[in-house]
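**Q** Take a look at this one; I'll ask things after.
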Amino acid sequence: MSRPRLAIAGLTACSGCQLSLLNCEAELPLLLERIEFQFFPLACSPVRIEGCYDAALVEGCCSTAHEAELLRELRDHSRLLIALGTCAAWGGVATLRNDTPRKELRRQVYGRHPLPDDDVPRPLSAIVKVDAVVTGCPPEKHELLALLGDLLRGNLPVRGTAPVCTDCRMRENLCLLQERGMLCLGPLTLGGCAARCPSLGVPCEGCRGPAPEANVAEALELYCQNGFDAMTVTGRLRRFCPEWNHDQRA
Amino acid sequence: MTSVREINQLARVEGHGRVQLMQQDGRVVGARLELYESLRLFEALVVGRRFDELPEIVCRICSICSTVHKVAALQAVETGLGIVASPQTVLLRQLAVQGGQIESHALHLYCLALPDYLGCGGFPGLARLVPTELHQGLSIKALGNRIQELVGGRAIHPFNLLLGGLGTVPTAEQLAQLADELLAIQGAALATVELVAGLQESLPLLPALPGCAVTGGPSLFGDRLTTTDGQQVAAAGAHTWLDEQLTSYSHAKLSNFGGKGPYLAGPLARLNLAIPCEPAAQAALHRFNTRIINGTLSASHLARAIELVQAIERSGRLIDELLQNGIRPEQPVIPEQFAGSATALIEAPRGLLLHQYTFDGDGRCTGAQVVTPTAINQAAMAASLTSLVDRLAGNSVSEVKVQAERLVRCFDPCISCAVH
């Protein structure tokens, strides 16, 4: 059986989704037997896009013309294009102040120094067709391995729908929002992380983006009852997903 | 006639950069490193955010260095708002930072640098050529991640490290098990030193550079910047001393050191500052003293390997201390004032890291400054590339390209950090 050829690239991001793959230390030798890492600048030279890839896994949001060009090139060369992680899927932290003109943000950091133009950071789907999404900041290792397993079998990953609260119930965690009065975003955030943060007593910060099955109206009511106004909650939710709104999703 | 040839995106480094080679009559006459990573603007993104959100946001500057960014931010915010973390929290943070050091150094040595010496493109080649060594490296790397996971809750973006404390304190049993694993991996770390010391170096000898690092605290921690040529700068004055400038070719600000640089940050600089090491690391350092002290850049990998031994020993020592003191569940300390400003210095795997924040009376951030080791190292990288081009005068352009890329990797650059 020929090994699937993968391209793995990063745009505007921290490389954490790609590093999560390299953090599968125990599984890497097996992955190498099954998969060809053809284009992977973070870990392999030379950096050259050629031939066809079975899938391109792309981390990060898109904020320059150069990145958009690379993204389109990867799309052209790949059968499937997967948005890897929250920045690629939703925009992520780079989009925190997308409501402020880019020029103003640049001025705050670089003064009036001339710099090449850049765009407002956007998720990959704003530029190219995205075939599947794996969220998380960073995504969980088991999700990356499941993605690679799916690709090996010629499938696309099944996307979760339930919020982090479901994971918390499964682990019989104390509810940080109702029992501790903490601003936990679990009710509205996509689960699948085994409620990693609430399980250690740390409220969910919403790093996996919106959960399709969340009951938004009910959750907002719950936040109000616990002393958090809608603006505070929305502000936190937009840390990872600038487009977050109060629409019912499912 | 002068023409320019660029090395396409640098491979096996974190982030996006390239080297441009200036040519005249078919010979390379100059080289320039360009960090063209897209503008991240973190220093603007955090403005207006509440103090407790800052560490959670800025750790996203970089994944490889996320623990050390988080701890730097926590320290700066805490100092600014007058929060004093418990001794247990302080030790656990030190442990998490050492875990990050282990993961980063193992990743760089085995996955990013070693292929240069074995004539392959990356870890897939290593798996074919030297599977035992790759396995050894990945085992060390995995342990670094387990430390970060146990203390920080996650290897990347460690959410369990909070302002004033931890979400959940690891148990004595978990820490004791980690101590056993650290003891068991020490042999692999020492073998790494041997492996790296035995690599055939093809880079020409380049002039040694003075170094700068954080001192005045336990390993990788401190309150001042010290240089190998005898300068000392308190944390509050470090940003001014580093003197960041803007360039036309890099999106990362360049430290200009008031025109007195360049200074090197990172493993080689730290070992040259004679910061005390644990016994096995000290012995390794003593053995390779002549290569490390005033060593040239190609000794960076060896310095990194010695630091791997140091970080593993130091982690074990920290766990011993924690267990001796007795592990207690603690609640995070909450601030009583919301206005303030402070600067924190810390050593990231690649060198000195600075975080500086100011908060208004509501605890909202009004200003942020981050200086990262790769931004500091830009001047040293530029000077070294110039020396390299001089030394390789007469060589083919393709040969200079290969060596320039290897030289840049000696710095283990982290470009997402540099263009934060």
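**Q** Which angle between 0 and 90 degrees, to the nearest 10, do you get for helix A:216-225 versus the longest principal axis of chain A when only C-alpha atoms count?
**A** Rounded to the nearest ten degrees, it is 50.
**Q** Within the stretch A:99-131, whose backbone N sits under 20 Å from a point 7 Å along Cα→Cβ of B:LEU246?
**A** The answer is A:100-121.
**Q** Let me ask something else about it. With an 8 Å cut-off on Cα pairs and a minimum separation of 6 or more residues, tell me the relative contact order of chain A in percent.
**A** 18 percent.
**Q** As an exercise, find the ratio Rg/Rh for the stretch B:285-420 from alpha-carbon atoms, using the Kirkwood inverse-distance average for Rh.
**A** Rg/Rh for the stretch B:285-420 comes to 1.11.
**Q** Need the C-alpha centroid separation for the stretch B:206-230 versus the stretch A:1-65, integer Å.
**A** Spelled out, the Cα-based centre of one part sits 36 Å from the other.
**Q** Separate question: Taking 0.36 nm per residue of separation and subtracting the Cα-Cα distance, what length does fully extending B:GLU336 through B:TYR117 add?
**A** This chain segment gains 73.4 nm when fully extended.
**Q** Just the isolated ones, please: cysteines in chain B lacking another cysteine beta carbon under 4.7 angstrom.
**A** When partners are defined as cysteine Cβ atoms under 4.7 Å apart, chain B leaves B:CYS59, B:CYS111, B:CYS120, B:CYS212, B:CYS277, B:CYS365, B:CYS410 without one.
**Q** Just report the Cα centroid separation between the stretch B:44-114 and the stretch A:151-204, whole Å.
**A** Taking the Cα centre of each part, the stretch B:44-114 and the stretch A:151-204 sit 24 Å apart.
**Q** Which loop trypsin sites (Lys or Arg not before Pro) in the stretch A:166-208, with loop taken from DSSP, have no more than 15 other Cβ atoms within 10 angstrom of their Cβ?
**A** Taking the stretch A:166-208 and a limit of 15 other Cβ atoms within 10 Å, the loop trypsin sites (Lys or Arg not before Pro) found are A:ARG171.
**Q** Could you work out how far apart the two model spin labels at B:VAL29 and B:THR290 are, taking each label as a point 7 Å from the Cα in the direction of the beta carbon, and quote it in nm?
**A** 4.0
**Q** Let me check the size of the protein assembly as shown from its C-alpha atoms; what are the radius of gyration and Dmax in Å?
**A** Expressed in Å, the Cα Rg and Dmax of the protein assembly as shown come to 23.6, 75.
**Q** Helix by helix through chain B, keep the DSSP H runs that span 27 Å or more along the axis on Cα and average at least 0.0 on Kyte-Doolittle, and give those back in order.
**A** Correct list, ordered by number: B:172-197.
**Q** Starting from the Kirkwood radius over alpha-carbon pairs of the stretch A:5-152, derive D by Stokes-Einstein at 4 °C in a medium of 1.567 mPa s and give it in µm² s⁻¹.
**A** For these conditions, the coefficient is 82 µm²/s.
**Q** Just want the answer: with Cβ charges of +1 for Lys and Arg and -1 for Asp and Glu, which residue in A:GLN38, A:LEU22, A:LEU105 is farthest toward the dipole's positive end in chain A?
**A** Positive-end residue among those listed: A:LEU105.
**Q** For the stretch A:161-172, just list the computed ³J(HN,Hα) in residue order, Karplus coefficients 6.51, -1.76 and 1.60, θ = phi - 60°, integers in Hz, with x standing in for Gly and Pro.
**A** Whole-Hz 3J(HN,Hα) from phi for the stretch A:161-172: 10, 7, x, 4, 3, 4, 4, 4, 4, 4, 8, 6.
**Q** Using a simple spin-label model with points 7 Å from Cα along the Cα→Cβ vector, what separation in nm is obtained for B:LEU323 and B:THR168?
**A** 2.1
**Q** Now, a different point. What percent does the relative contact order of chain B come to when contacts are Cα pairs within less than 8 Å and at least six residues apart?
**A** 26
**Q** Quote the FRET efficiency, to the nearest 0.05, computed for A:ARG171 versus A:LYS129 with a Förster distance R0 of 45 Å and r equal to the Cβ-Cβ distance.
**A** Given R0 = 45 Å and the Cβ-Cβ separation, E is 0.80.
**Q** While we're looking at this one, here's another question. Taking the stretch A:147-225, which GluC sites (Glu not before Pro) meet the DSSP loop condition and have no more than 16 other C-beta atoms within 10 Å?
**A** Within the stretch A:147-225, the qualifying GluC sites (Glu not before Pro) (loop, at most 16 other Cβ atoms within 10 Å) are A:GLU172, A:GLU213.
**Q** B:GLY30's amide H: which non-local residues (gap 5+, or another chain) put their own amide H closer than 5 Å, with H modeled 1.01 Å from N in plane and none for Pro or chain starts?
**A** So B:GLY30 has HN proximity to B:MET22.
**Q** Which residues in the stretch B:241-259 place their backbone N less than 18 Å from a point set 7 Å from the Cα of B:GLN20 along the Cα-to-Cβ direction?
**A** Under 18 Å, as judged by backbone N against the label point of B:GLN20, lie B:246-254 of the stretch B:241-259.
**Q** With just the Cα atoms of the stretch B:137-246, tell me how far they stretch along each of the three principal axes, in Å, largest first.
**A** Principal-axis extents of the stretch B:137-246 (Cα, largest first): 46, 44, 27 Å.
**Q** Let me test this: with uniform point scatterers at the alpha carbons of chain A, what is the Debye-based log₁₀ I(q)/I(0) at q = 0.10, 0.13 1/Å?
**A** Results for chain A at q = 0.10, 0.13 Å⁻¹ read -0.53, -0.86.
**Q** Determine the calculated [θ] at 222 nm for chain A from helices alone, applying -39500 (n - 2.57) to every DSSP H run no shorter than 4 residues and normalising by the residue count; nearest 500 deg cm²/dmol.
**A** -9000 deg cm²/dmol
**Q** Mind telling me which of B:VAL400, B:VAL130, B:VAL47 comes out most flexible in a GNM of chain B, alpha-carbon contacts under 10 Å?
**A** Among B:VAL400, B:VAL130, B:VAL47, the largest GNM mean-square fluctuation belongs to B:VAL130.
**Q** Sticking with this one: In a Gaussian network model over chain B where Cα atoms closer than 10 Å are linked, find which of B:SER387, B:SER139, B:SER398 has the largest mean-square fluctuation.
**A** Largest GNM mean-square fluctuation: B:SER398.
**Q** Give me the percent relative contact order of the stretch A:164-237, please, defined on Cα pairs under 8 angstrom at least 6 residues apart.
**A** Computed value for the stretch A:164-237: 32 percent relative contact order.
**Q** Collect residues whose amide H, placed 1.01 Å from N in the peptide plane, falls under 5 Å from the amide H of B:VAL169; neighbours closer than 5 in sequence don't count.
**A** The answer is B:GLU330.
**Q** For B:LYS253, which lysines qualify as cross-link partners when the Cα separation must be under 19 Å and same-chain residues fewer than eight apart are set aside?
**A** A:LYS103
**Q** Looking only at A:PRO157, A:PRO198, A:PRO116, which one moves most when chain A is put into a Gaussian network model with springs between Cα atoms under 10 Å?
**A** Result for chain A, Cα springs under 10 Å: A:PRO116 fluctuates most.
**Q** Report the residues of the stretch B:123-143 in range of a label on B:ASP180: point 7 Å along Cα→C-beta, backbone N strictly under 17 Å from it.
**A** Inside the label zone: B:143.
**Q** In nm, to one decimal, how far is the modelled label at A:GLU73 from the one at A:VAL158, with both set 7 Å along Cα→Cβ?
**A** 3.8
**Q** A follow-up question, please. Using a Förster distance of 41 angstrom, determine the FRET efficiency expected from the C-beta separation of B:LYS260 and A:ALA65, and round it to 0.05.
**A** FRET efficiency, B:LYS260 to A:ALA65: 0.60.
Values quoted throughout were computed directly from the atomic coordinates according to the rules given, and no laboratory measurement underlies them. The shown structure was predicted, so the numbers you read here are calculated from the model rather than taken from an experiment. Neighbour counts run over all protein chains shown; Cβ positions are idealised from the backbone, glycine included.
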